[in-house]
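A quick write-up on the structure given underneath.
The values are calculated or read from the model by the stated rules, or taken from the named source; none is laboratory data. Just so it is clear, the model here is predicted, and its values are computed rather than measured. With ideal geometry, Cβ positions are generated from the backbone for all residues, glycine too; neighbour counts draw on all protein chains shown. Side chains are part of the model used for accessible areas, which takes the heavy atoms of the whole protein and leaves out ligands, DNA and RNA. Shrake-Rupley method; radii C 1.70, N 1.55, O 1.52, S 1.80 Å.
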Amino acid sequence: MTVLLVDAANVVGARPDGWWRDRAGAAERLLRRLAELPGRTLTSPDGAEFVCTGVVAVLEGRARAAQAPDGVRVVRAPGSGDDTIAACAAELAAEGEPPLVVTADRGLRARLPAGTPVAGPGWLLDRLGHGRVEEG
């Protein structure tokens, strides 16, 4: 059982689909897709299966205006998204099991609690359906 902690800016930015024209809209599209994951059995980057028990998505900058759907806990970073993600990872790890953090940011990865599993945006996008965030 694992919570996904998603660096939303990093995932949205992984595909050059015009997200920069409407950051909040792009974040909302991602959040709607993330809401489909809790309760699903997923395959981790190392090949092990796990049940996604929840999704926490960190929004920063203009994306903070995105509306959160049911099924996703949204944390609106007051400043640095990386600071907020690192703090959320530490809080979740202290509650029991470390989250699976989704980011490609090497600097952020280095700031996570020791032993925190990490996946890149491509891994998540593949689980959301053919590597696509946009769907109309």
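Numbers for the structure displayed
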| quantity | calculated |
| --- | --- |
| Net length gained if the chain between Ala90 and Asp70 were fully extended (0.36 nm per residue, minus Cα distance) | 4.8 nm |
| Surface share of carbon and sulfur [accessible, 1.4 angstrom probe, percent] for the chain | 48 |
| Beta bridges per DSSP with both ends in the chain, % antiparallel, nearest 5 | 15 |
| Within the chain: Cβ-based charge dipole about Cα centre, in debye rounded to nearest 20 (Lys, Arg +1; Asp, Glu -1) | 340 |
| Accessible area of the chain divided out per residue, in Å², using a probe of 1.4 angstrom | 49 |
| q = 0.20 Å⁻¹, region 60-136: log10 I(q)/I(0) [Debye, one scatterer per Cα] | -1.08 |
| Cα convex hull of region 1-69 - mean projected area over all directions, nm² | 4.7 |
| Helix-only mean residue ellipticity at 222 nm for the chain, each DSSP H run of n ≥ 4 adding -39500 (n - 2.57), per residue, nearest 500 | -9500 deg cm²/dmol |
| Region 44-125, relative contact order in percent, only Cα pairs under 8 angstrom and at least six apart counted | 23 |
| The chain - Rg over Rh from alpha carbon coordinates, Kirkwood radius | 0.92 |
